[in-house]
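A quick write-up on the structure given underneath.
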């Protein structure tokens, strides 16, 4: 058997060389790629983050602009409605159902007292109270609407001034005091158990709503009893002025007061009680018996003294004796409130709106 000699296969050798070259090229590519990725990856990541941030900013700016536009539109609508409603309430006295509901969202000021605004809600609450009472008691509608409105505003301003005075003088109401005043009011009804129905029928209010107005009465009474001067006085009333002067001389000379009352007084309601009128404040004296009686009575400076002169009232002539006095402020409630109002800034916006409207109309007329 003949053995053939071994030869190197050139084809095979070339294939091996080719494979080795290919592997080396591939490794180089991988190395280049790996190196490129290593170098470029942080830069690409940074670029990607920047692009994402830019996209978010663009989206946010678009959203903010939209939100700002919506907010601006809403503010414009609100201000327009606020100005329009305020103008109608203050100049044409608009009081329909929409206006009374809208003031819960649009707080229209109708007055300024001290450092506080009075809003249309307080005014409308008073209007509703009086209108309900007027209708339930079959009273005629007011013919002079401007005067009717001013009377209501005067009461609202008076109440706010009184509230400030009570706060300034540290006079506070407790819920028990309000309840006591409420009980005092409903005790005048034939059947106190039906008070809620009567209040609803007369004033159109629930008991809690009604108690807010009761609180006004309670704070007045508390200020009167704790702060304002009141005199416990006794009097002798006669219808003849000469007789009154004679009785005054006898009283000042020291004659027995009870005997003089029994002998001369023509006031059948107080004659048997030594002429006792109880505690009287400035306003009560003025409203019941007149300015001269008030000035004469409160001109007495010491208890157990008789006034220097005879006081005149619609009922006759009075000799007045001071029994006891209490309180700090020697003024009537109305005078006290008016005195305080003169020291602070008080603006009725109804009057201000009317004045401005008149000026504008006159301006256009001139042009």
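Any idea which of (1) closer than 25 Å to residue 152 by Cβ; (2) buried (at least 20 other Cβ atoms within 10 Å of the Cβ) is the one residue 354 doesn't satisfy?
Going through the list (1) closer than 25 Å to residue 152 by Cβ; (2) buried (at least 20 other Cβ atoms within 10 Å of the Cβ), residue 354 breaks only (2).
Mind telling me which of the residues 132, 80 ends up being more than 20 Å from the chain's Cα centre (by Cα) and touching a residue at least 12 places away in the same chain (Cβ under 8 Å)?
Answer to the selection: 132.
Here are some residues: 214, 127, 156, 238. Which one is closer than 30 Å to residue 345 by Cβ and touching a strand residue (DSSP E or B) at 6+ places or on another chain (Cβ under 9 Å)?
The conditions single out 156.
Could you look through segment 147-170, keep only residues that are part of a helix (DSSP H, G or I) and over 17 Å from the mean Cα position of the chain (by Cα), and pick out the one that is surrounded by the most Cβ atoms within 10 Å (Cβ to Cβ)?
Going through the qualifying residues, I end up with 149.
Every read-out reported here was derived from the displayed coordinates using simple, explicitly stated rules and does not represent laboratory data. The structure displayed is predicted, hence computed values, not measured ones. Ideal geometry is used to build each Cβ from the backbone, glycine not excepted, and the neighbour counts take in all protein chains shown.
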